[in-house]
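Below is one structure, written out as structure tokens; the observations come after it.
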Number of protein chains: 2
Amino acid sequence: MSTGGRRRRVTIADVARHAGVSTTAVSKVLRNAYGVSAAMRERVKAAIEELGYRPHAAARAMRGRTYTIGVLLPELRNPFFPDILDGLYAQLSGTDYQVIIVTGGPDAKAENRAIDALVDRQVDGILMVAPRVARARLEEVACGLPTVVLGPHEKSALYDAVLDDDEVGAELVVRHLIGLGHRRIAHIGQREGTPRRAAAMLHTIRARTYERVMREHGLDDEIAIATTSYSEEGGYRGARELLGRSPRPTAIFAGADLAAFGALTALHEAGLAVPGEVSLAGYDNTRLAALSTISLTSVDQDGDVMGRTAGRLLLERIEGRTSSVRFSITPTLVPRRSTAPPPQT
Amino acid sequence: MSTGGRRRRVTIADVARHAGVSTTAVSKVLRNAYGVSAAMRERVKAAIEELGYRPHAAARAMRGRTYTIGVLLPELRNPFFPDILDGLYAQLSGTDYQVIIVTGGPDAKAENRAIDALVDRQVDGILMVAPRVARARLEEVACGLPTVVLGPHEKSALYDAVLDDDEVGAELVVRHLIGLGHRRIAHIGQREGTPRRAAAMLHTIRARTYERVMREHGLDDEIAIATTSYSEEGGYRGARELLGRSPRPTAIFAGADLAAFGALTALHEAGLAVPGEVSLAGYDNTRLAALSTISLTSVDQDGDVMGRTAGRLLLERIEGRTSSVRFSITPTLVPRRSTAPPPQT
DNA sequence: GTGAAAGCGCTAACAC
DNA sequence: GTGTTAGCGCTTTCAC
């Protein structure tokens, strides 16, 4: 019942001895570095194979690269994130880089700890998805290692940004609803994290755009926003709040599909038919939105391309690029059965 | 536009100098080790605070612990996994341990690479959720570091197991459907990974139990299994296959909620009402199953408790336990509107 | 109770 | 093209 003697790790020295070369030679083969003859490369590779050698990541981290890309995710429940990660994996496949994921948790403090964990583990590059920590923090991280930020709209000379044109996306939704004849259109948003960053956060942009388009159509008085969070729970609470108003909205634009799912439950509990009595739209076009029994009108932002791009930008930075890049995706509307003209009054 | 001079990391030596003590003393304070006076502890802690020191994980990994728990997840889309992780986080909160997640990908080979990545990064403990690699591989890992395996039913003296009593769960579903009057009940399962492990895999147990209960009720001839995968796509394909048979089943038991969601799409495309014409049940009782427009009958296995337990067992092993523990959860049925008596013929 | 020093496995100068 | 060697930041004997 003992865990048994953990046999000593095979090290680079063992491989060198076995192949009859120096440790330097082995190290160079490992890194595909310049300065080893083809013959030696073969011998070393054979020795690695025979001994089942695998580089010790921590030892590498002490001197060089860890061949690790760290990804910070706010949480694991939003079905849009796997789309992004699939793109990242696709971009990184074929390289020696390995992705490790940490989750940020509920507040900026927890998120900061998660970022620390990545930095402490010497990742070669970091992708922060929809981070809520202060901008100064992002720059501090970016100052120390290749960084890509996905989501927020801030410009920075220190890190690359991959983002969705949330203004276009939100406008598509609101115009779609107005085009169907709705006037009492409400919005479910997310509470901003750090107040000073609010303007750059994607949820703020979606909310502000909603307000702007409403005003442009003379619907100033119909503006109604419930500020909760982009989660099922948040969507549920937000919808409850909005449905409690009188007169109640005929359409709800949730800032994220996940929140729309929660809103769906609230609508059902209130005995309101979708889209018969209330239309509902989301954002992200997650796979579940396409599910027949949900059939949620949503905004498609290509997560796969975003993930791929983030991966490419990280690799470029690791290879030495220091100038800053900003990559923006233009979203499209995917109308489904959850939106329809408002009921005749 | 430069990334700027990455300022040198604060090291243990800096802290020692600042506090006027040795590096040994600092190290001891960091690890809450025995052999430092209270006064010295205070001085060191103050110095750490002032300098903003954070331990370098890789350097620690070279000699001692990394304070990292590695989690292997098959993929990121199954909404049941976040439940497990929430439990794990809860158990680990308050400790110095940080969780990093890697995903196994589509096949055993990719999963092996992901496990390697965790081992190479010297995690202090590893949690493998529903691994599909060979059993020998699990034991090999467990031989080198504290290991908990969540899902498979194999017994091992080398690692701890946290599992759901899938036999009970599957039986609940099938009996529920039979109790409603169904006879033509079909099942959507997952292709086993390594053939030799099949018997221990949770998806095999769910399928075998389905068969057993069907036989016990004299429904041998009605047994119909589509073996795809526990994914939306797999559920879709499985349901299409099953609905193509004649006569078609009046109920489908999908081995996972995620697969049931895919089956829902197939049912809808085929123009079949749920539960009017075909009843549908899942497994995992994910939050989305409770969604009003889905309202999926499912089996609840307490993911939070499973995650908590996995965390506790890992901590115990890290603290030195070498005997092997097996923790089993008993699931319960959550009937919802997706199951009803079969249509009158 | 405290500190000096060795060394974990690797990479990168630098010498040959 | 190849090998020698000095560390990276920490933990851990082992003296004091």
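Here are the numbers for the structure shown:
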quantity	calculated
Length released on extending from residue A:245 to residue A:199, taking residue separation times 0.36 nm less the Cα-Cα span	13.8 nm
For region A:8-121, convex hull of alpha carbons as volume per residue, Å³	135 Å³
For chain A, share of DSSP beta bridges that run antiparallel, in % to the nearest 5	10 percent
Shape category assigned to the protein assembly as shown from the gyration tensor of Cα positions, a/c cut at 1.5	oblate
Region A:26-70: chymotrypsin sites (Phe, Trp or Tyr not before Pro) in DSSP coil with no more than 10 other Cβ atoms inside 10 Å	A:34
Rel. contact order, % - alpha carbon contacts under 8 angstrom, at least six apart, region A:211-345	22 percent
Lys, Arg +1 and Asp, Glu -1 on Cβ, resulting dipole of region A:117-167 about Cα centre, debye, nearest 20	260 debye
Crossing angle, helix A:232-243 versus chain A [Cα axis fit, 0-90 degrees, rounded to tens]	10 degrees
Theoretical FRET efficiency, 1/(1+(r/R0)^6), r = Cβ-Cβ of residue A:113 and residue B:191, R0 41 Å, to 0.05	0.55
Alpha-carbon Rg/Rh ratio, for region B:12-54, with Rh computed the Kirkwood way	0.90
Rounded tilt (10° steps) of A:81-92 against the dominant C-alpha axis of chain A	30 degrees
Pseudo-label separations to other copies for residue B:20 - Cα-to-Cβ vector, 7 Å, nm	6.1
Residue order, fewest to most surrounding Cβ atoms within 10 angstrom, among A:45, A:28	A:45, A:28
Selected from B:176, B:153, B:56 as most flexible by GNM, with chain B as the system and alpha-carbon contacts under 10 Å	B:56
Sites residue B:11 and residue B:95, calculated FRET efficiency, Cβ-Cβ separation with R0 22 Å, nearest 0.05	0.40
Computed lengthening from residue A:32 to residue A:273, 0.36 nm per intervening residue step minus Cα-Cα distance	80.6 nm
For residue B:177, net neighbour charge (Lys/Arg +1, Asp/Glu -1) across residues whose Cβ lies under 12 Å away	+1
Residue A:327 versus residue B:62: modelled label distance in nm, points set 7 Å from Cα along the beta carbon direction	3.5 nm
Pairwise FRET efficiency - residue A:233 versus residue A:208, Cβ, R0 = 22 Å, nearest 0.05	0.40
Cα-based shape type of region A:166-300, given that a ≥ b ≥ c are square roots of the gyration tensor eigenvalues and the cut on a/c is 1.5	rounded
Whole-Å distance, taken between Cα centres, linking region B:123-143 and region B:238-299	33 Å
Three principal axis lengths of chain B [C-alpha, angstrom, descending]	88, 51, 34
Selected from B:79, B:106, B:335 as most flexible by GNM, with chain B as the system and alpha-carbon contacts under 10 Å	B:106
Gain on full stretching of the segment that runs from residue B:50 to residue B:215 - 0.36 nm per residue minus C-alpha separation	52.3 nm
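Rule-based calculations on the coordinates, nothing more; no lab input. Source: prediction; values computed, not measured. Neighbour counts run over all protein chains shown; Cβ positions are idealised from the backbone, glycine included.
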